[in-house]
1. Among the residues of region 90-131, count how many are acidic (Asp, Glu) and surrounded by 20 or more Cβ atoms within 10 Å (Cβ to Cβ).
2. Only one of (1) buried (at least 20 other Cβ atoms within 10 Å of the Cβ); (2) out of contact with any strand residue (DSSP E or B) (no Cβ under 9 Å at 6 or more places or on another chain) fails for residue 198. Which number is that?
3. Name the pairs whose Cβ atoms lie under 6 Å apart, with the first residue in region 126-142 and in contact (Cβ under 8 Å) with a residue 40 or more places away in the chain, the second assigned to a loop (DSSP other than H, G, I, E, B), and 6 or more positions between them or separate chains?
4. Please identify the pairs in which a residue from region 61-79 that is over 18 Å from residue 42 (Cα atoms) has its Cβ atom under 6 Å from the Cβ atom of a residue that is of a type in the set (A, V, I, L, M, F, W, C) and at pLDDT 95 or above, counting only partners at least 6 apart or on another chain.
5. Could you go through region 124-135 and let me know if any residue there is charged (D, E, K, R) and closer than 17 Å to residue 189 by Cα.
6. Among the residues of region 35-44, is any acidic (Asp, Glu), closer than 26 Å to residue 172 by Cβ and under 15 Å from the mean Cα position of the chain (by Cα)?
Amino acid sequence: MRRAALLLAALLAACSGGQPKLARLAPDAVVLAFGDSLTAGVGANASESYPARLEALIGRKVVSSGVPGETSAAGLVRLPAALDETKPQLVILCEGGNDFLQKLDDAQAADNLRAMVRLARSRGAQVVLIAVPKPGLLPSAAEFYAAVAKEFGVPHEESALRKILTDNELKSDLVHPNAAGYAKLAEAIAALLRKTGAV
């Protein structure tokens, strides 16, 4: 039985371009966009943030819950109240950038993300991870995003922020997109949600 379930999971992943499938979001579903300044939309107006753009693209209510400067540890503390308040069907997690900027331990950031995924799932929400690139000459996503996504079988968007933050026309400073960059991020997340069957 377990072998059949694993085979089915592998087939579903193959059909969605290597990404796990999500249950379709109800028309009145709430999506919680949870994270730091990248979710808050620093570098653009609130109406140009990725959650605001995403809401228009997927036709579901997207609640923006971004706190500039927040580390993954602080996010973990804040998440329960945000889940209680919004009761989302889907949580989009975009945390870790400030851990990198403050040179905090990657393993601890990964553990915090794991705890956030568990917490969201315990409240009945599906989860999508957004990988944040590590600052540097050639920014690339920390490997733990893919590892956590694989461990929990959740979809993750790995390349959008890296591409945006290496294009001067799409960013407002070294670590934040501008309005055009946030629009690209929203489009990438919407495409992932369509590919995985959420919308």
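The values are calculated or read from the model by the stated rules, or taken from the named source; none is laboratory data. As the structure is a prediction and not an experimental result, all values here were calculated from the model. So basically every Cβ, Gly included, is an ideal-geometry build from the backbone, and we count neighbours across all protein chains shown.
1. Number satisfying all stated conditions: 2.
2. (2)
3. Pairs found: 126/22; 128/155; 132/96.
4. 61/30; 76/115; 76/116; 79/116; 79/119
5. Checking region 124-135: not a single residue is charged (D, E, K, R) and closer than 17 Å to residue 189 by Cα.
6. Here is the first cut: in region 35-44, the residues acidic (Asp, Glu) are 36.
Adding the requirement that they be closer than 26 Å to residue 172 by Cβ leaves 36.
Within this subset, residues satisfying the condition of being under 15 Å from the mean Cα position of the chain (by Cα) are 36.
So far as region 35-44 goes, yes, one or more of its residues are acidic (Asp, Glu), closer than 26 Å to residue 172 by Cβ and under 15 Å from the mean Cα position of the chain (by Cα).
Conditions (1) within 25 Å of residue 110 (Cα to Cα); (2) surrounded by fewer than 21 Cβ atoms within 10 Å (Cβ to Cβ), marked per residue:
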site	(1), (2)
42	yes, yes
48	no, yes
51	yes, no
55	no, yes
59	no, yes
67	yes, yes
73	yes, yes
84	yes, yes
88	yes, no
